[in-house]
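Undergrad: Here it is: the structure, laid out below.
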Amino acid sequence: MRTIHSEKHRLRAPQTELSGGRLVRPFECPERVEHILASIAQTGLGPVEPPVAHGLGPARAIHAPDYLDFLATVWERWTAAGYEGEALPTVWPSRRMGRKGAPKAIDGAIGWYALAGETAICGGTWEAAQAAADVAATATDIVLGGARAAFALCRPPGHHAAQDMYGGYCFINNAAVAAQRMRDAGAARVAVLDVDFHHGNGTQAIFEDRADVLFLSLHGDPAHEFPHFLGGADETGVGAGEGFTANYPLPPGTGYAAWAEALEAALARVAAFGADALVVSLGVDTFKGDPISSFRLESADFADYGARIARLGLPTLFVMEGGYAVAEIGVNVVNVLTGFEGA
Ligand code: SP5
Ligand code: ZN
């Protein structure tokens, strides 16, 4: 399997994450990618290639223009305001503060576009996010060109980013870029299967009112887990998209038997939908050793579920999302990909 990867991910190297009331070293760090590349080399998964530059077209197909302008300028505006730390929101347009459109001041604008406050913006974030979108678009084209599968080694991740919201370590929704690109290239029906520990709220928001993209997510129950406000089993789609969103919230401590049961239910939905292609939002924060998550998957389980996904027989794009047990992230990711290839 071919992997697409950009060294520009390193430009996203924040020093801070707001966690439990403290500023800590971010869980979503550049070393994650180095471990994945090492495992790809060690197992001989296949070549690792740079992306083709696509400009902002693929991101514009799913994100709002004012949001992309904000991402492009936030760091410059933050430093121009005289702030010395990384960019973090302190105010939000909360329930009793309804208004339309982002305020002029960067302090207000950053809260307008943030869905969560843990994710610090630093210089280089926008360039890295654009490179990740290029990675997704380039890998999509490999699958559209007839490959059975490809791996988009995106960083920063994307599945929490909505049309006009960043957070949860995400800025451009790489999986949504891929799914939309498949649609635009003529795939009539695309399924996005999100196996990251966290609910893919951004991807759901982008596709919830559409019947051409089926979104399915297995995740920690939002009653307990980030992103807290979305991901319930009762969210099944909106308007024309009713019946084309499927959530599988699972309790803290979920092990592979229960997880795999939910996966089989989701795979049956993909098959019944008659998808022409599959995008997998691949987060391995379901691993038992993940520092911010609560599922109990073992490394061998990742290979098993890669094989189950392969049994759909669909052209498949894997898009990297979360996974914060850095020492094991490479083995867990490559186990999914080799499990898929060996099936
Ligand atoms: C892409 C992705 O996986 N994003 C996840 C973002 C989660 N950020 C907030 C995490 C808060 C977790 N707090 C749990 C502490 C456990 N001791
Ligand atoms: Zn996650």
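Undergrad: Which one of these does THR236 not meet: (1) within 16 Å of ligand 1 (Cβ to nearest atom); (2) part of a loop (DSSP other than H, G, I, E, B); (3) touching a Ser or Thr at 6+ places or on another chain (Cβ under 6 Å)?
TA: (1)
Undergrad: Next question. Can you confirm whether the range 256-266 contains a residue that is within 15 Å of ligand 1 (Cβ to nearest atom) and either loosely packed, with under 13 Cβ neighbours inside 10 Å or without any contact (Cβ under 8 Å) to a residue 60 or more places away in the chain (or both)? Steps first, please.
TA: The initial filter retains those residues of the range 256-266 that are within 15 Å of ligand 1 (Cβ to nearest atom), namely none.
So far as the range 256-266 goes, no, none of its residues is within 15 Å of ligand 1 (Cβ to nearest atom) and either loosely packed, with under 13 Cβ neighbours inside 10 Å or without any contact (Cβ under 8 Å) to a residue 60 or more places away in the chain (or both).
Undergrad: Right, another one. If you take the residues in the range 287-307 that are polar (S, T, N, Q) and within 14 Å of ligand 1 (Cβ to nearest atom), which one is farthest from VAL143 (Cα to Cα)? Show your work before the answer.
TA: In the first step, residues of the range 287-307 are kept if they are polar (S, T, N, Q); the result is 293-294, 299.
Of the ones still in play, those that are also within 14 Å of ligand 1 (Cβ to nearest atom) are 293-294.
Details: SER293: 31, SER294: 33 Å.
Once the filter is applied, the top-ranked residue is SER294.
Undergrad: Quick test for you: out of GLY239, GLY243, GLY231, pick the one residue that is on the phi > 0 side of the Ramachandran plot, without any contact (Cβ under 8 Å) to a residue 40 or more places away in the chain and in contact with a strand residue (DSSP E or B) (Cβ under 8 Å, 6 or more places away or on another chain).
TA: Details: GLY239 fails: in contact with a strand residue (DSSP E or B) (Cβ under 8 Å, 6 or more places away or on another chain); GLY243 fails: in contact with a strand residue (DSSP E or B) (Cβ under 8 Å, 6 or more places away or on another chain).
Of GLY239, GLY243, GLY231, the one residue that is on the phi > 0 side of the Ramachandran plot, without any contact (Cβ under 8 Å) to a residue 40 or more places away in the chain and in contact with a strand residue (DSSP E or B) (Cβ under 8 Å, 6 or more places away or on another chain) is GLY231.
Undergrad: Looking at (1) surrounded by 24 or more Cβ atoms within 10 Å (Cβ to Cβ); (2) of a type outside the set (D, E, K, R); (3) within 16 Å of ligand 1 (Cβ to nearest atom); (4) more than 21 Å from LEU230 (Cβ to Cβ), can you tell me which one THR125 breaks?
TA: (1)
Undergrad: Further question on the same structure: Can you name every residue in the range 308-326 that is of a type in the set (A, V, I, L, M, F, W, C) and either within 13 Å of ligand 1 (Cβ to nearest atom) or touching a His at 6+ places or on another chain (Cβ under 7 Å) (or both)? Talk me through it step by step, then tell me what you get.
TA: Of all residues in the range 308-326, those of a type in the set (A, V, I, L, M, F, W, C) come to 309-310, 312, 314, 317-320, 325-326.
VAL319, MET320, ALA325, VAL326 - these are the residues of the range 308-326 that are of a type in the set (A, V, I, L, M, F, W, C) and either within 13 Å of ligand 1 (Cβ to nearest atom) or touching a His at 6+ places or on another chain (Cβ under 7 Å) (or both).
Undergrad: Still on this structure, I have one more. Of all residues in the range 54-77, which are touching a residue at least 60 places away in the same chain (Cβ under 8 Å) and not in a helix (DSSP H, G or I)?
TA: HIS54, LEU56, ALA61, ILE62, HIS63, ALA64
Undergrad: Here is a follow-up. Every residue in the range 279-332 that is away from ligand 2 (no atom under 16 Å from the Cβ), β-branched (Val, Ile, Thr) and farther than 17 Å from LEU216 by Cβ, please.
TA: VAL331
Undergrad: Can you name every residue in the range 168-202 that is within 12 Å of ligand 2 (Cβ to nearest atom) and of a type outside the set (A, V, I, L, M)?
TA: GLY168, TYR169, CYS170, ASP194, ASP196, PHE197, HIS198, HIS199, GLY200, ASN201, GLY202
All of the numbers you see were taken from the coordinates with simple rules; none came from a lab. In this text, all values refer to a predicted model and were calculated from it rather than measured experimentally. Cβ sites come from the backbone with ideal geometry, for glycine too, and all protein chains shown count toward neighbours.
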